[in-house]
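For reference, the structure discussed in these notes is given below.
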Amino acid sequence: MLRIDILTLFPEMFEGPFGSSIISRAVKKGLAELHTHNIRDYAFNKHRTVDDYPYGGGAGMVMMAEPVATCIETLQAARTYDEVIFLTPDGDLLNQSVSNELSTRENLLLLCGHYKGVDERVRELFITREISIGDYVLSGGEIAAMVLCDAIIRLIPGVLNDETSALSDSFQNQLLSPPVYTRPAVFRKLEVPPVLLSGNDKEIRKWKEDQALQRTRQRRPGLLSD
Ligand code: ADE
């Protein structure tokens, strides 16, 4: 079973996304366990300080090493983590193969940064992997952590009802998905491609493959050359 521990200053942000749909179903089925930890609970003074001014000056605050370190060490005392991941725009870009790999792990720890980042020594001492969800800057790592959790958890066998559906996703074979249709067969004069109504499985499979290839060539040619 996959267990994910998330270290954040804003645990309440996770309640909505983790409380509905696929993720909550995975948790209810006992296929994944998610725990959020408030870094502020590990602050060492009575003001519960977790950030401070950057040495050398500059805008914004920096998350202090001590509370984050104490939180990580407390969790590490209870179990061994396969990866301690920091969500940050300067990390490796998340893609399907990273998601596939992480979905096979047992214990993951995710650290969400805020303000101007976390003291570099936390990264040096504890972080085994840094992941970005795209080349843009979010106001914190929380939404990135949610994206990562969703991408990973839906891949765990048994989470999706249709066992094959995660495997037929866009990117799983380095191809985008073909277009899909449902009833009615004609909508505002636009017809569903007749082959899909033909009942000919072989022709349908071929059509889907062709469409996936064509769509990938048009929209994301880089995926084909990778
Ligand atoms: N924190 C802020 N921006 C981020 C990004 N693009 N990916 C991951 N974590 C982040």
(message) For a quick check of your reading of the model, give me the residue pairs whose first member lies in the range 33-57 and is in the same structural domain as Phe10 (by TED's automatic domain parsing) and touching a residue at least 60 places away in the same chain (Cβ under 8 Å), whose second is assigned to a strand (DSSP E or B) and among the basic types (Lys, Arg), with beta-carbon atoms closer than 9 Å and at least 6 apart or on different chains.
(response) Leu34/Arg3
(request) Could you list, in sequence order, all residues of the range 114-138 that are within 9 Å of the ligand (Cβ to nearest atom), modelled with pLDDT of 95 or more and under 26 Å from Glu66 (Cβ atoms)? (result) Glu130, Ile131, Ser132, Val137, Leu138
(request) Report, by residue number, each residue of the range 55-92 that is more than 15 Å from Thr8 (Cα to Cα) and within 16 Å of the ligand (Cβ to nearest atom). (result) Ala59, Gly60, Met61, Glu83, Pro89, Asp90, Gly91, Asp92
(message) Could you list, ordered by first residue, the pairs with Cβ atoms under 7 Å in which the first is in the range 62-73 and part of a helix (DSSP H, G or I) and the second is of a type in the set (Lys, Arg), at least 6 apart or interchain?
(response) Ala65/Arg121
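Mind listing just one residue for me: the one in the range 118-158 that is among the basic types (Lys, Arg) and out of contact with any helix residue (DSSP H, G or I) (no Cβ under 8 Å at 6 or more places or on another chain) and, of those, nearest to Lys28 (Cα to Cα)? Break it down into steps so the answer makes sense when it comes.
The initial filter retains those residues of the range 118-158 that are among the basic types (Lys, Arg), namely 121, 123, 129, 154.
From what's left, out of contact with any helix residue (DSSP H, G or I) (no Cβ under 8 Å at 6 or more places or on another chain): 123, 129.
Numbers: Arg123: 33, Arg129: 28 Å.
Ranking the qualifying residues of the range 118-158, first place goes to Arg129.
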(request) Report, ordered by the first and then the second residue, all pairs with beta carbons closer than 6 Å, sequence separation of six or more or different chains, a first member in the range 93-113 that is over 25 Å from Ser168 (Cβ atoms), and a second member that is away from the ligand (no atom under 16 Å from the Cβ) and not acidic (Asp, Glu). (result) Asn107/Arg3; Asn107/Arg79; Asn107/Tyr81; Leu109/Tyr81
(message) Give me the residue from the range 16-48 that is in contact with a Phe, Trp or Tyr (Cβ under 8 Å, 6 or more places away or on another chain) and among the β-branched types (Val, Ile, Thr) and, out of that set, nearest to Arg154 (Cα to Cα).
(response) Val27
(request) Could you tell me whether any residue of the range 201-222 is modelled with pLDDT under 95, of a type outside the set (Val, Ile, Thr) and surrounded by 12 or more Cβ atoms within 10 Å (Cβ to Cβ)? (result) no
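Looking at Leu190, Leu176, which is the one that is surrounded by 17 or more Cβ atoms within 10 Å (Cβ to Cβ), more than 30 Å from Asn38 (Cβ to Cβ) and outside the structural domain of Ser97 (by TED's automatic domain parsing)?
Details: Leu190 fails: surrounded by 17 or more Cβ atoms within 10 Å (Cβ to Cβ).
None of the other options fit; the residue is Leu176.
What number of residues within the range 10-32 satisfy the criterion of being in contact (Cβ under 8 Å) with a residue 24 or more places away in the chain and either in a helix (DSSP H, G or I) or in contact with a Lys or Arg (Cβ under 6 Å, 6 or more places away or on another chain) (or both)? Break it down stepwise before answering.
Initially, the range 10-32 is screened for residues in contact (Cβ under 8 Å) with a residue 24 or more places away in the chain, giving 10-11, 13-14, 17-18, 22-23, 25-26, 29-32.
Going one step further and asking which of them are either in a helix (DSSP H, G or I) or in contact with a Lys or Arg (Cβ under 6 Å, 6 or more places away or on another chain) (or both), we end up with 11, 13-14, 17-18, 22-23, 25-26.
Number of matching residues: 9.
The values are calculated or read from the model by the stated rules, or taken from the named source; none is laboratory data. In this text, all values refer to a predicted model and were calculated from it rather than measured experimentally. Every residue, glycine among them, receives a Cβ derived from its backbone with ideal geometry; neighbour counts consider all protein chains shown.
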